[in-house]
Structure formats: C-alpha cells, structure tokens
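Reading through the structure tokens given below for one structure.
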Amino acid sequence: MGRRVGVGRLAMLLLSPSVLVLLLVIGYPIVSALRLSFIKSTEGIDPNTGLITRTSSFSLDNYTNIFKGESGDLFWNAFWNTTTFTVVTVAIETVVGICMALIMNNAFRGRGLVRASILVPWAIPTAISGLLWRWIFTAQGVANDVLHAHVLWTTEGIQSWLAVVIADTWKTAPFIGLLVLAGLQIIPAEVYEAAKMDGATPWVTFWRITLPLVKPALVVAVLFRMLDVLRMFDLPFVLIGRGKSSTDTLSILAYNEMDNLHFGPAAAYATVLFLYVAIVAYVFVRLLGADIVGRGVGGEDQVSQTTPAAAVATAPVARNAAIGGGQRRRRRGASWLYYVGIAAIVVYCLAPFYWMVVSALRRPNDQFSNAPLPMPLSLKNLEAAFSSTNGFGRALLNSVIVAGATTVVTLVLGISAAYALARLDFRGKGFLLSVIIATSMFPGIAVVVPIRQLFVNINWINTYQAMVLPSLSFALPLSIWLLTAFFRQMPFELEEAAQIDGCTPSQAFRRIILPIAAPGVFTTAILVFISAWNEFIIAVSVVNKSEYKTANVIVSQFTGQYQFDQPFGTQMAAGVVVTIPLVIAVLLFQRRIVEGLTAGGVK
C-alpha cells in the first residue's frame, strides 16, 4: 500500500507540469471560447463625448445568427465545403494510399528512394504546399499547359474546390499509404499461400483477407485524416484565398470573424466546429471500432497498437519490415507493370516538388515558362527572396526560434509525463492518456480565437511566446503519445533490477530508462520540430509585425513589383529554402520518421 502511495505521488509530480500546461493552452481556450460565444457586443455613440462605445451582454444571438440571414448562408456554405472536402479527399486519399501500400508491399531495389519520396509531400509545410499548387494552377501555369486548357483554377467556382482536393490528396495520400503498409507487413505470408491453394483470385484475396486484416490500421488512418480535413485552414487559405464561397471552410469563417475583432461570432463558429469534430470522432471510435488508446487483455490499460509509434513497443518485426528491415516478401518475375507502379509513386510524390525547384532556378523574366528544365540557370529568385524588403532571412530565424523552443519545452514536459503513463502503476492513467490524446483533436481555430483575445489584453501580440505557447496544444499531446509508446517497449525488469541495486524510481529513470530511450526521444524531437516548423494558423493569427512573422507566413505574403503582383518565382525559391531542411531531415532520418509514422497503423 505504501509503495502504491509513493508511486502515485511520483506520478503526480511527473504529470503535473504537462497537465497544467494543457489546461492553460487547451482547457482555458475551450472554456473561454464557450464564454465568448454567449457574449454579444454592440457599438454605439456616446452622446456626451461623441466617441464610439461598446457594450457587452449575455445572449444566444451568436448562435441563432449562424442559422439565419446572410450569416446563415455563410455558415451553411462553409459547413458544406468542410463536409464535402472531408468526404471526397479522404475517400480519394484512402484509395490512392491503399494502392501505394499494395505496390510497395514487396522488396525491390530502390526501396529507400521510394520510402524517402513518399515522405516529401508530408514534409512540405501546408502553407508552402498551397503556394506551390497556386503556382501550378495559375492561368499560365503548368496544369493548364498539360491539359491544353485555360482554366481559372483559383477563381470562384467548382474548379477552385477541385484544386484544393487535388492539392490535399497529393500531400496526404502517402501518409495513409505508410500506415496501411505497416499493417500489410505483419500479415503472415502463410495466409496468402493458404488462400492461393484454395483457389482464391487476387481480388477475392484482397477483399476477404487483406482488407479485413489491415482494417485497424486503415480505420485509424481514415479517422485522423477526417479530423484533419474537418479542421482545414492553411491549404484553401493560401491556395485560393479567403472570402471564396466555393472553398471557405468553417475554420476560415471563424478566422474572418476573429480578424475583424468579432470574437463572439468567431467563438460560436469555433465551438460549432469543435462539436462537429467531436461527433465524428465519437462515431468512429464507437461504431467503427477505431482503437485510439486501446485496452489490453482483460481491460488493462495500454497504449494502443494502432496509435503512432505504439507498435515500436509491441511489434518490432512489423516495424522493421515497414522501414526496410525484417522479413521481406520478394516478388519473383515481377511484371513491368509492377515497376511502372513504383515509378508512378515516385513521380506522383516528387513531380510537384521538382517543379518548385525548377521554378526557383529560372530567371524572373522566364517565370511563366513551362519548360521542364530551367535554362539558363539563375539565382535571381533566391536573391530576391532574401532581399531586405521581404524580410525572409529574419522570418527563417523566427521559425527556427519558435520551432526550436516548442520542441525543447515539449520534450522537457513530455518525457516526464510519458514515463509516468508508461512505467508507473497508478489509478486512472488510461483515462488520463485518453484525455491527453483527445486534446490533440481540437480544431486549431478553437484555441486561437480566445488565445488571441487574451494576448491582445496582456500585450503579447507580436511576441515569440504568443506563438510558442499555443503551439504546445498540438505538440505536447503528440510527444506524450509517442514517448509513452517508446517507454513501454523497454522491459520492466530494468527498473526492478535497478531498485534491487538501491536506485529510487527517479534514479532508475535518469540513469537507465532515459539513456536507453534516447532513440525514441530523438524521433519524437524530429516529428515535433517538423510539426512546429509547419505551423501556420497560430502564427498568422497572433503576429502582424514583419519582424516576428515566421517563414511560412512571410512567404505567403510576398508581393511583386506592383502591390498586387504575386512573385511566384521568388515564392518558389523561398519555399525551397523553407522545405529543404525538412527534406534533408527526411533523407537522413527516414527510418526513424517512418518508424514513428507507420507504427501507428499496426495492431
């Protein structure tokens, strides 16, 4: 009994900092957003001073106005866009991802190249991806050149909706492919051999064996993609722009209200979106069996093997297979069509990025040339990107500071919390882990609206802490999730042996567990840094001075010789600079990154 009390106190000590931070960056914004959503502000003229006055009162008008008049039209249009984007893009990404996984589910030469190539779209910041596809879809762009058409992709209409679907599918279908691949790699070869002996055709084998066995990986992948698309902001915001009825989402609608300092209506939109996301998550978990946290045998709490990196602890063979090790299935006498599929995956993933590099290396006068090679080569766009008028160099430094600080703070807090959840036996840890994971699903706009009002009141707008603190809302749950799985893979006998030698639990953690878990900590650091580096909605909401803007924001706001020109060549050069560090990290640490991303699909 005394030992359990001691362990409980240690768990409380280790978990308290993370819980307090999550209450601050997620709990407070959610409660504050609810409060703001019931406050109606009215403006008037003071008859004595002639100054504009603002009064506030408790009211349901922010919610009732959503469903009527012009506001109702905007809401239902954004709701329709959000829903259709979710259904269509996730459906297409699932089909494309499964096809990718089936093609890659064999050993072949160049496997490392394919693995690295499918990580490139994922690594490119969404805002930069939006700029890239805006350039591809411009009236004189390569898309119209290939189609021999003149489609105004970024103007109002169904074509702009389709442009967002294409861009989102390109970026995230490989992610689903990786998760499904992890599930495929642990299906025993004997199952397929038995099916073949029974005379099953490839189509029957897929529907009766492959799909049911890979379902846990697929359901979780689809769930996370649906939640991501429901919260979509960066891509349509940068690719098409806001105020377009064909692509405005609920997040963009809430941002527009917040940008006009209408915090009450903005909070109401954010709350409705939060409820929408929560309902979808509940349906998947309850009806479709999406196992996010998981239960062990007999109901024992454990980190689900369907969560990211959890299979590192429970299925090392599958992990090694997914990242290129372990037992590989070799395809004898593979037809040329198979290798065409491999080539198609590489081209699909790398062609848009290649076009970004080519566009960056053209002369400014050749900006609208669609030749496949930049002849002659020029660094003028790169020089323009780093010109003093753009402030790109300072923005890069800001991104390093914000992403670096977010990563350091996240690891300091996440390591101790994950250790407590993975290695200590105390009541309620399964429920606590469920809550922490659930916080990562909150819409970014639901956090940003009340946080921005708070930062305005305490003069934190245009500061680094205004970007770092809200970033913990997604970075900290991610790190706790991943690190918990990494800590659980280590035998509990390590601590038992240390305690026999006289070590306290804290000493065993510092001297034994933490050094052994260093690879997992490093993997988590990479994933958190990339997530923080790619962040956009927070930075664009709480900073309006150029000296504090991050690279993603500053690049999206580049202007040309004339104010309304869009210097695509300069933006592509800056986009390459922003993306290259992430691509290099992908190439150098692809095994660890794939380990962290794909292991979540294994059960």
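The values are calculated or read from the model by the stated rules, or taken from the named source; none is laboratory data. Not measured: the values here are computed from a predicted model. Glycine also receives a Cβ, built like all others from the backbone with ideal geometry; neighbour counts cover every protein chain displayed. Ligands, DNA and RNA are stripped out before the accessible areas are found, and what is left, the full protein with its side chains, is counted by its heavy atoms. Shrake-Rupley method; radii C 1.70, N 1.55, O 1.52, S 1.80 Å.
If the cut-off is 23 Å between C-alpha atoms, which lysines fall inside it for residue 545, apart from same-chain ones fewer than 8 positions away?
Result set, ordered by chain and number: empty.
Per q in 0.06, 0.07, 0.08 1/Å, what log10 I(q)/I(0) does a Debye calculation on the alpha-carbon atoms of the chain return?
Log10 I(q)/I(0), no solvent term: -0.33, -0.45, -0.60.
Using the Cα gyration tensor of the stretch 63-190, with a ≥ b ≥ c the square roots of its eigenvalues, what is the shape: rounded (a/c below 1.5), prolate (a/b larger than b/c) or oblate (neither)?
Cα axes put the stretch 63-190 in the oblate bin.
How much of the accessible area of the stretch 414-459, probe 1.4 Å, is carbon plus sulfur, in whole percent?
The nonpolar share, carbon plus sulfur, comes to 60 percent.
Looking at the chain, what % of its DSSP beta bridges pair antiparallel, to the nearest 5?
Given both bridge residues lie in the chain, the antiparallel proportion sits at roughly 90 percent.
Counting other C-beta atoms within 10 Å, and keeping those with at most 15, which DSSP coil trypsin sites (Lys or Arg not before Pro) do you find in the stretch 62-155?
Taking the stretch 62-155 and a limit of 15 other Cβ atoms within 10 Å, the loop trypsin sites (Lys or Arg not before Pro) found are 68, 109.
Restrict the search to the stretch 419-504; then list the chymotrypsin sites (Phe, Trp or Tyr not before Pro) that DSSP places in a loop and that have at most 11 other Cβ atoms within 10 Å of their Cβ.
Listed in order of number, the matching sites are 492.
State in Å² the accessible area per residue of the chain; use a 1.4 Å probe, count heavy atoms of protein chains only, and round to the nearest integer.
About 44 Å² of surface per residue is accessible.
How fast does the stretch 441-557 diffuse by Stokes-Einstein, in µm²/s, taking the Kirkwood radius from C-alpha pairs at 37 °C and 0.692 mPa s?
Value of D from the Cα-based Kirkwood radius: 196 µm²/s.
Shape call for the stretch 141-267 from the C-alpha gyration tensor, a ≥ b ≥ c root eigenvalues: rounded (a/c under 1.5), prolate (a/b greater than b/c) or oblate?
Because a/c hits 1.5 or more and a/b fails to exceed b/c, the stretch 141-267 counts as oblate.
Provide the net charge surrounding residue 554, with neighbours chosen by a C-beta distance below 15 Å and charges set as Lys +1, Arg +1, Asp -1, Glu -1.
Result for the neighbourhood of residue 554: 0.
Just the accessible area for residue 258, please: 1.4 Å probe, Å², rounded to the nearest 10?
0
Given the Cα-Cα distance of residue 83 and residue 261 and 0.36 nm per residue of separation, how much length would full extension add, in nm?
The span from residue 83 to residue 261 would gain 61.4 nm if fully extended.
What is the extension gain from residue 503 to residue 365, computed as 0.36 nm multiplied by their sequence separation minus the C-alpha to C-alpha distance, in nm to one decimal?
Separation in residues times 0.36 nm, less the Cα-Cα distance, equals 42.8 nm.
For the chain, what is the relative contact order in percent, using Cα pairs closer than 8 Å and at least 6 residues apart in sequence?
About 24 percent, as a whole number.
Suppose only helical runs count, i.e. DSSP H with n ≥ 4. What mean residue ellipticity at 222 nm does that imply for the chain under -39500 (n - 2.57) per run, divided by all residues and rounded to the nearest 500 deg cm²/dmol?
Value at 222 nm, helices only, nearest 500: -21000 deg cm²/dmol.
Do any trypsin sites (Lys or Arg not before Pro) in the stretch 367-432 lie in a DSSP loop with no more than 11 other beta carbon atoms within 10 Å, and if so, which?
Those satisfying the criteria are 427.
Where does each of 87, 586 land when they are ordered by accessible area, with a 1.4 Å probe and the largest first?
Most to least solvent-accessible, the answer reads 87, 586.
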